[in-house]
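The values are calculated or read from the model by the stated rules, or taken from the named source; none is laboratory data. What you see is a predicted model, and the numbers here were worked out from it, not measured in a lab. Here the Cβ positions follow ideal geometry from the backbone for every residue, glycine too, while neighbour counts run over all protein chains shown.
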Amino acid sequence: MDKLIVSTSPHIKTKDSYKKIMWSVVLALIPTGIAGVFIFGISALKVIVIAVISSLLTEAFIQKLRNKKITIFDGSSFITGLLLAYNLPPKVPWWIPMIGSFFAIAIAKQAFGGLGHNIFNPALAGRAFLLASWPRYLTTWQYPRWHIDTLTTATPLGIVKEKIPLNLPSYGKLFIGDKAGCIGEVCILAILLGAIFLLYKGYIRWYTPFTFIFTVGLLSWIFMGEGLFKGDWLFYILSGGLFLGAFFMATDYVTTPLTKKGKFIFGFGCGILTFLIRKFGGYPEGVSYSILIMNAFTPLIDRYTKTKKFGYKK
């Protein structure tokens, strides 16, 4: 008779299926998409639709080539399409989300063996590929559609980084999304609505996102001002893609640590790297790259934070 082996935690502690959880994440992302379309108009909707459809078609195509079961209705590729679109400016050419989705699904996900085997967050890998290949399109921003001046502008972080003589948005405008930025990062209110839903359902834990945001805020307060402990920490946590990344990408089940201690370490590492890139890097935002870098350390973090094993024979 086969011996029962009980592996180290964590174990699944919910009656909800993986498919239900994935579609719940999609539901949680809907307010952010609605806000992005409201703020930037029909161009944002086009980017979202193209990214999602391209992700679904690429998933089906690659799985067909590999003679695998087609699983486009499990919600995972839908999430990848949404998150890729949310990490793009609203005015990118139509082929940008298409190529990004193909890279995210075919290279960052399926090339590693499919769902559950990928090392890096597919949506962020797709965005990183696009930024490296077509930086001009990925760094061209526009004001929200209700502004009379709809010419290209800079994000709040870009204004500070490049010392551009433009007025910075108020905290209130930063919170509701009256600023330039990627489709899904600008309206923090909408992001928090979805995040609260996932936290309430128990589908994500607070350990990583809160540690991530707190670390960025703390380091920004200490080092991002005219002197020590004079930085505008609230501006730095409300600007850029910090909230979107912290709640919806740094909590990915596959590419982030499993243990509670590991989640704290992951969030802390993401926060430090985001601060370092913002402070010293050539690009004003570092959320995407910080998460991707920490994705690479996830197996190591899990190895050194796993709990004691039970049930194995000596």
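Does I48 satisfy the criteria of being buried (at least 21 other Cβ atoms within 10 Å of the Cβ) and within 21 Å of the chain's Cα centre (by Cα)? Judged against the criteria, I48 is a match. Here the condition is being without any contact (Cβ under 8 Å) to a residue 24 or more places away in the chain and outside any helix (DSSP H, G or I); of N118, N167, it holds for N167 alone.
Only one entry of I191, I183 meets the criterion of being over 14 Å from Y236 (Cα atoms), outside any helix (DSSP H, G or I) and touching a residue at least 60 places away in the same chain (Cβ under 8 Å), and that entry is I183.
Here I159 passes the criteria (1) more than 20 Å from the chain's Cα centre (by Cα); (2) outside any loop (DSSP other than H, G, I, E, B); (3) touching a residue at least 24 places away in the same chain (Cβ under 8 Å) except the one numbered (3).
Scanning region 283-307 for residues that are within 27 Å of G113 (Cβ to Cβ) and not in a helix (DSSP H, G or I) turns up K306, T307. Taking the criterion of being more than 15 Å from Q63 (Cα to Cα) and at pLDDT below 95, the only residue of region 85-117 that qualifies is K91.
Restricting region 54-73 to residues that are of a type outside the set (A, V, I, L, M) and crowded, with 18+ Cβ neighbours inside 10 Å leaves a set whose member that is farthest from V287 (Cα to Cα) is Q63. For S9, are the conditions met, namely being surrounded by fewer than 19 Cβ atoms within 10 Å (Cβ to Cβ), part of a helix (DSSP H, G or I) and either touching an Asp or Glu at 6+ places or on another chain (Cβ under 9 Å) or modelled with pLDDT under 95 (or both)? No: the conditions fail for S9. Kindly check whether there is at least one residue in region 103-113 that is of a type in the set (S, T, N, Q), surrounded by fewer than 19 Cβ atoms within 10 Å (Cβ to Cβ) and over 15 Å from the mean Cα position of the chain (by Cα). There is no residue in region 103-113 that is of a type in the set (S, T, N, Q), surrounded by fewer than 19 Cβ atoms within 10 Å (Cβ to Cβ) and over 15 Å from the mean Cα position of the chain (by Cα). Restricting region 200-226 to residues that are among the hydroxyl-bearing types (S, T, Y) and crowded, with 19+ Cβ neighbours inside 10 Å, the residue that is nearest to I277 (Cα to Cα) is S220. Only one entry of A60, A28, A51 meets the criterion of being under 22 Å from L192 (Cα atoms) and not β-branched (V, I, T), and that entry is A28. Just checking, does region 304-313 include any residue being crowded, with 17+ Cβ neighbours inside 10 Å, modelled with pLDDT under 95 and either among the charged types (D, E, K, R) or within 15 Å of P209 (Cα to Cα) (or both)? Checked against the condition, which is being crowded, with 17+ Cβ neighbours inside 10 Å, modelled with pLDDT under 95 and either among the charged types (D, E, K, R) or within 15 Å of P209 (Cα to Cα) (or both), region 304-313 yields at least one hit.
I need the full set of residues from region 253-282 which are in contact (Cβ under 8 Å) with a residue 24 or more places away in the chain, more than 21 Å from R205 (Cβ to Cβ) and either more than 18 Å from the chain's Cα centre (by Cα) or outside any helix (DSSP H, G or I) (or both), in order please. The one that is in contact (Cβ under 8 Å) with a residue 24 or more places away in the chain, more than 21 Å from R205 (Cβ to Cβ) and either more than 18 Å from the chain's Cα centre (by Cα) or outside any helix (DSSP H, G or I) (or both): K279.
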